[in-house]
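Asks: Sharing a structure with you now.
The values are calculated or read from the model by the stated rules, or taken from the named source; none is laboratory data. As the structure is a computational prediction, the values presented were derived from the model and not from experiment. Backbone-built Cβ (ideal geometry, glycine too); neighbour counts: all protein chains shown. For accessibility, only protein heavy atoms count, side chains too; no ligands or nucleic acids. Shrake-Rupley method; radii C 1.70, N 1.55, O 1.52, S 1.80 Å.
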Amino acid sequence: MRIARINTAAGAQHAVERDGTWHHVSDPFEAPLCYTGDATPHEEAVFLAPVAPAVVIGIGHNRTLNDHPLPIQAWHKSVHTVASPEDAIVAARDRGIVHAEGELAVVIGKTATDLTAENALEHVLGYTCVNDVTNVDQNALDERNFQGKAGVNYTPLGPWIETELPDPEQAAIDVHVNGTARARSGTFNLPSSVVECLTYVTSWLTLEPGDVVMTGAPGTAVPVEPGDRVDIVVEGIGTLSSTVA
């Protein structure tokens, strides 16, 4: 099932796709879903970021990359950087190279704390595409990942949430710039699984419905310039498109 958040005359509205039409729901985190009776044709839908998270977490995969004793580390990315599909990424210039980073994002569906390997996925609403935009040269200056990841619209999300991704550990991720494939990889190239990421994060921080965990870039970081169009394609979900301003 696909769950989107679309712009309507009444404001942002969550909706579920069925037969080419987006049927509005009152709360995507309720079970069963409550339909309002309103609908938007697919061709008229203007997609917003599929959630408005209170928390966005990034994952650093240390295993195979360095000598750090922790295989996984997490960091916060400001929710003020979240952007909708087709929003312009405002690249911070004169601060080093800007990378688009295609990743799989996990959307939390219910309060999650101290998750285990057995129950972690029960707390997931679904998955979406994310572009973890980064001024990559800042990484050497700021190990907290603040400076390089705080730009305007540096976290495009969307276009929707897929609740039935067959295998989040085997999802292909491609990054296209101006229509040309610049990176082809997938979550199968990440050294830590989605479950391992969720159990680590929730051992320290309680996540709530709508929060987002970015699972890391598996060799999908690509330099971009103003004027570029970036498409993040995640197998089983769809395509997240943005322009670089």
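Asks: For the chain, what does the accessible surface come to per residue with a 1.4 Å probe? Please give it in Å². Display every interim value, and only then the final one.
Replies: On the way: 11070 Å² over 245 residues.
It amounts to 45 Å² per residue over the chain.
Asks: For the chain, modelled as a GNM with alpha-carbon contacts under 10 angstrom, which of Gly37, Gly60, Gly216 fluctuates the most?
Replies: Maximum fluctuation in the GNM of the chain, among the listed residues, is at Gly37.
Asks: Give me the distance between the Cα centres of the stretch 144-168 and the stretch 208-245, rounded to whole Å.
Replies: 7
Asks: Evaluate the charge dipole of the chain about its Cα centre and quote only its size in Debye, nearest 20, assuming +1 on the Cβ of each Lys and Arg and -1 on the Cβ of each Asp and Glu.
Replies: Working: 13 positive and 32 negative charges, 99 e Å.
The dipole of the chain has a size of about 480 debye.
Asks: Then there's this: Ignoring ligands and nucleic acids, what accessible area does His61 show with a 1.4 Å probe (Å², nearest 10)?
Replies: Accessible surface of His61 is approximately 20 Å².
Asks: Next question. Counting other Cβ atoms within 10 Å, keep those with at most 11, restrict to DSSP loop, and tell me which trypsin sites (Lys or Arg not before Pro) in the stretch 141-245 are left. Kindly include the intermediate steps, with their values, before the conclusion.
Replies: Numbers: sites: Arg144, Lys149, Arg182, Arg184, Arg229; in loops: Arg144.
Passing sites in the stretch 141-245 are Arg144.
Asks: A further question follows. First check a/c for the stretch 1-146, with a ≥ b ≥ c the square roots of the eigenvalues of its C-alpha gyration tensor; if it is under 1.5, answer rounded, and if not, answer prolate when a/b is larger than b/c or oblate otherwise.
Replies: Details: a/c = 2.87, a/b = 1.50, b/c = 1.92.
Taking the square roots of the gyration eigenvalues as a ≥ b ≥ c, the stretch 1-146 is oblate.
Asks: Okay, moving on. Tally the DSSP beta bridges in the stretch 72-210 and give the antiparallel ones as a percent, rounded to 5.
Replies: Working: 19 of 21 bridges.
Counting DSSP beta bridges with both partners in the stretch 72-210, the antiparallel share is about 90 percent.
Asks: Quick check: at a probe of 1.4 Å, how many percent of the accessible area of the stretch 167-206 sits on carbon and sulfur atoms?
Replies: Numbers: 880 of 1830 Å².
The nonpolar share, carbon plus sulfur, comes to 48 percent.
Asks: At a 1.4 Å probe radius, which order do Tyr154, Tyr200 fall into by accessible area, largest first? Before the final figure, lay out the partial values.
Replies: On the way: Tyr154 0, Tyr200 60 Å².
Largest accessible area first, the list is Tyr200, Tyr154.
Asks: Let me ask another. By accessible area of protein heavy atoms, probe 1.4 Å, what ranking do Trp75, Trp204, Trp22 get, highest first?
Replies: Trp204, Trp75, Trp22
Asks: Also, I was wondering about something else. Would you please classify the overall shape of the chain from the alpha carbon gyration tensor, given that a ≥ b ≥ c denote the square roots of the eigenvalues, rounded means a/c under 1.5, and beyond that prolate means a/b larger than b/c while oblate covers the rest? Don't skip to the answer; put the middle values down first.
Replies: Working: a/c = 1.73, a/b = 1.20, b/c = 1.44.
Taking the square roots of the gyration eigenvalues as a ≥ b ≥ c, the chain is oblate.
Asks: With an 8 Å Cα cut-off and a minimum separation of 6 or more residues, compute the relative contact order for the stretch 1-153 in percent.
Replies: Reported as a whole number, the value is 17 percent.
Asks: May I pose another question? Test of understanding: what is the full-extension gain from Ala12 to Leu205, defined as 0.36 nm times their sequence separation minus their Cα-Cα distance?
Replies: Values: separation 193, 0.36 × 193 = 69.48 nm, distance 2.81 nm.
Between Ala12 and Leu205, full extension yields 66.7 nm more.
Asks: Can you sort Phe188, Phe146, Phe29, Phe47 by solvent-accessible area, 1.4 Å probe, largest first? Before the final figure, lay out the partial values.
Replies: Details: Phe188 95, Phe146 140, Phe29 70, Phe47 40 Å².
Order by accessible area, largest first: Phe146, Phe188, Phe29, Phe47.
Asks: Select from the stretch 141-216 those GluC sites (Glu not before Pro) which occupy a DSSP coil region and have at most 13 other Cβ atoms within 10 Å, ordered by residue number.
Replies: Values: sites: Glu143, Glu162, Glu164, Glu169, Glu196; in loops: Glu143, Glu164.
Sparse-neighbourhood loop GluC sites (Glu not before Pro): Glu143, Glu164.
Asks: Name the shape class, rounded, prolate or oblate, that the alpha-carbon gyration tensor gives for the stretch 55-136, where a ≥ b ≥ c are the square roots of its eigenvalues, rounded holds for a/c under 1.5, and otherwise prolate holds if a/b is larger than b/c and oblate otherwise. Can you show the working numbers first?
Replies: Numbers: a/c = 2.56, a/b = 1.33, b/c = 1.93.
In terms of gyration-tensor shape, oblate.
Asks: Given Cα pairs under 8 Å that are at least 6 residues apart, what percent is the relative contact order of the stretch 70-133? All intermediate terms of the calculation are to be shown ahead of the outcome.
Replies: Working: 50 pairs, mean separation 22.1, N = 64.
So the answer I get is 34 percent.
Asks: Explain nothing, just the number: relative contact order of the stretch 149-245, from Cα pairs under 8 Å at least 6 residues apart, as a whole percent.
Replies: Working: 129 pairs, mean separation 34.6, N = 97.
Averaging sequence separation for qualifying contacts and normalising by length gives 36 percent for the stretch 149-245.
Asks: Something else about it: How much of Lys110 can a 1.4 Å solvent probe reach, expressed as accessible area in Å² and rounded to 10?
Replies: Its accessible surface works out to 100 Å², give or take rounding.
Asks: Here's a follow-up. For the stretch 1-43, which GluC sites (Glu not before Pro) are both in a DSSP coil and crowded by at most 10 other Cβ atoms within 10 Å?
Replies: Values: sites: Glu17, Glu30, Glu43; in loops: Glu30.
In loop regions of the stretch 1-43 (DSSP not H, G, I, E or B), the sparsely surrounded GluC sites (Glu not before Pro) are Glu30.
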